[in-house]
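The values are calculated or read from the model by the stated rules, or taken from the named source; none is laboratory data. Being a predicted model, the structure only gives us computed values, none of them experimental. No Cβ is skipped: glycine too gets one built from the backbone with ideal geometry, and neighbour counts run over all protein chains shown.
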Amino acid sequence: MTRRVVTGSGSGMANAESYGAGRTARVACVFASLAALLVIALVANLCVGTVNVPVGQIVPILMGRGAGETAYQVIWNIRLPRLCAAAILGGALGLAGLLLQTLFANPIAGPYTLGISSGAKLAVAVVMVLILGDTQAMSSWMSLGAAFCGSLGAMAAVLAVSRRVRSASTLVIVGVMIGYVCSAATDVLITFASDANIANLRNWSLGSFSGVNTRQVALMAAVVLVASLVTFALSKPLGAYQLGESYAESMGVNVRSFRRTVIVIASVLASCVTAFAGPISFVGVAVPHVARRLLGTSRPQLVVPATFLTGSVVCLGCDLLARMLFSPIEMPVSTLTAIVCAPVVIWVLLERRGRVA
């Protein structure tokens with residue numbers, strides 16, 4: 001009897017160790033693959049375009065030697081800031097979607113579907129058209145501040161509705177309606193704007209990583225870095241909150257303070273994206289699900305960095321396609337992200353419906 005119990009226990013321990021080793025190997029493989037895809041996407045965005053630059057010239061150009069003037073200007077002034085913006089803001093979109101999905105316990109919550117991006121867009125349009133007009137150019141800080149206020153306003157509206165509505169699908173519908181209202185108000189403002197502001201708002205509202213400069217990249221990198229570090233620091237409370245507010249409270253999480261922090265961080269991330277690139281659709285909804293499925297776990301300690309990397313890869317790939325599919329005509333990057341990410345959202349809805357059935 002004793003011998004059989006010990007043998008069974010040893011077998012169980014061996015199976016558990018084997019399972020743990022397999023899970024660790026899978027996680028390591030996922031992160032290595034994402035890192036490799038990120039490097040490939042970065043190199044492709046540097047090399048490919050109307051002016052093709054050989055891979056062998058990239059390092060000398062980045063070090064400031066051994067290249068022609070045209071290639072040097074294209075890399076440093078156009079492609080490098082643009083790919084940095086795509087990588088940084090793509091990761092920010094993924095994290096914002098992850099935070100919102102956790103906060104609302106809704107698998108299709110995101111900055112775009114809940115109208116938060118549209119609220120940020122409306123606030124930027126108000127400042128640009130009604131406050132500044134033609135008298136003053138809008139600085140990066142002003143754009144970021146206006147977008148943050150607009151994001152918080154839209155978030156407050158969604159939160160007010162979420163207290164009365166328990167259905168996840170109804171909450172998303174309300175978010176979409178908030179987005180439509182904000183977009184309609186933005187269109188009204190554009191009607192009364194000057195020709196210069198109309199052109200700027202129209203191009204910006206389509207979503208694009210082009211036109212950013214090194215100072216803007218430095219600002220968005222600083223903001224997203226701080227917000228990302230705070231998000232990672234919230235990994236344990238996020239994991240507890242995923243199991244419900246009561247469980248989180250029993251684990252010592254101050255739920256009210258936690259919700260406020262998540263709201264602020266998600267608004268900062270969403271507003272940073274909207275301020276510098278305009279509204280980018282569906283990335284924030286789809287990317288967290290892709291990261292979870294790749295890892296095979298919902299642990300925030302792993303999902304947070306994987307979501308950031310996945311968002312960066314997706315936005316870099318979509319931006320490259322937007323530039324090259326119909327070159328020299330450039331498509332709005334938001335169009336490509338919708339084509340790539342919307343099927344993932346549909347898959348999530350169908351899978352969830354199948355589980356409920």
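Observations
A quick yes/no check of all residues on (1) among the small types (Gly, Ala, Ser); (2) in a loop (DSSP other than H, G, I, E, B); (3) at pLDDT 95 or above:
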site: 272; (1), (2), (3): no, no, no
site: 297; (1), (2), (3): no, yes, no
site: 302; (1), (2), (3): no, no, yes
site: 314; (1), (2), (3): no, no, yes
site: 322; (1), (2), (3): yes, no, no
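- Count of segment 191-230 residues, restricted to those that are hydrophobic (A, V, I, L, M, F, W, C), crowded, with 16+ Cβ neighbours inside 10 Å and over 21 Å from the mean Cα position of the chain (by Cα), is 2.
- Residues located in segment 231-263, provided they are crowded, with 17+ Cβ neighbours inside 10 Å and among the hydrophobic types (A, V, I, L, M, F, W, C): 234, 238, 240, 248, 253, 258, 262, 263
- Odd one out for residue 211, checked against (1) assigned to a helix (DSSP H, G or I); (2) closer than 30 Å to residue 83 by Cβ; (3) of a type outside the set (A, V, I, L, M, F, W, C): (1)
- Selected residue (only one of 123, 105 is modelled with pLDDT of 90 or more, farther than 23 Å from residue 225 by Cα and out of contact with any Leu (no Cβ under 8 Å at 6 or more places or on another chain)): 123
- Taking the conditions (1) closer than 30 Å to residue 22 by Cβ; (2) surrounded by 20 or more Cβ atoms within 10 Å (Cβ to Cβ) in turn, residue 279 satisfies each one other than (1).
- Residues that are aromatic (Phe, Trp, Tyr) and at pLDDT 95 or above, drawn from segment 31-89: 31
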